[in-house]
Amino acid sequence: MEGVEYWDIHNFSDEPREWDYGDWHHAVLGVDLTTSSGPVAVTWTNTFDTYGVEVFPEPMTRFLVSGDDDAGPERWAVTPHPEWTTRAGQPVSAVDTFWDRWEYGPARYSDGRIAEPARTVEVPVAIRLEFASGPVWFVAGMPVEDGKTFVGGDEIMVVFTSETMLRLGFPADEFTATEKQ
């Protein structure tokens, strides 16, 4: 990994953008990773259902509409951040995906008749990249009030500690462990 940029909607405020929460970052629209093999975008999608995280071998600009003015999506470099400088220049040694199972229905009309049968979908809600200096997780999730997080949201959170992954509701297993067994 050679470089990292986060993407968000345009900040119209005079206040600086808030994205660094210590052991996790709020990238919102997605993340651009510069690698020796080319650009990689990590973003949320609705490919499997609403919403999961996916990785693409192209830059985030491929997925964003930015119009002709300066009010389009914004990006900022985070490679100099301490969490990323420890990983800069390191290859990704492993990748793992956490799939969540969501159950729906059956959907019913107001008179009780079934409009759509029950169904189950599996959605990739988090991806773990392994570096020699430690893992990084990309989560399709969004912070909500009272310090809680909605996993399966249309935003990207970048997580640097297994404690935060556990706090987000992920199970204590190999996917969330700081060091894989």
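The values are calculated or read from the model by the stated rules, or taken from the named source; none is laboratory data. Worth saying up front: this structure is predicted, and the values here are computed from it rather than measured. Neighbour counts run over all protein chains shown; Cβ positions are idealised from the backbone, glycine included. Accessible surface is based on the protein model in full, side chains and every heavy atom, while ligands, DNA and RNA are left aside. Shrake-Rupley method; radii C 1.70, N 1.55, O 1.52, S 1.80 Å.
Tell me, what HN-Hα J-couplings in whole Hz come from the Karplus equation 6.51 cos²θ - 1.76 cosθ + 1.60 at θ = phi - 60° for each residue of the stretch 117-127, using x for Gly and Pro?
Couplings: x, 4, 8, 10, 10, 10, 10, x, 9, 8, 10 Hz.
What does the extension gain come out to for Thr50 and Trp102, with contour length at 0.36 nm per residue minus their alpha carbon separation?
That pair, Thr50 and Trp102, stretches by 17.7 nm at full extension.
Would you mind working out the accessible area per residue for the stretch 1-105, using a 1.4 Å probe, and quoting it in Å²?
58 Å²
Can you pull the three principal axis extents for the Cα set of the chain, in Å, largest first?
If we take the Cα atoms of the chain, the spans are 59, 50, 35 Å.
Give the shape of the stretch 43-105 as rounded, prolate or oblate, defined through the alpha-carbon gyration tensor: a ≥ b ≥ c are the square roots of its eigenvalues, a/c under 1.5 means rounded, and otherwise the shape is prolate if a/b is larger than b/c and oblate if not.
oblate
Please give the peptides 108-114, 8-14 ranked by average Cβ packing (other Cβ atoms within 10 Å per residue), highest first, as a rough proxy for protection.
On the way: 108-114: 8.0, 8-14: 10.9.
Packing order, densest peptide first, comes out as 8-14, 108-114.
Kindly write out, for the stretch 13-29 in residue order, the coupling ³J(HN,Hα) from the Karplus curve 6.51 cos²θ - 1.76 cosθ + 1.60 (θ = phi - 60°), rounded to whole Hz, with x marking Gly and Pro.
Couplings: 7, 7, 6, x, 5, 9, 9, 9, 10, x, 8, 8, 10, 10, 8, 6, 6 Hz.
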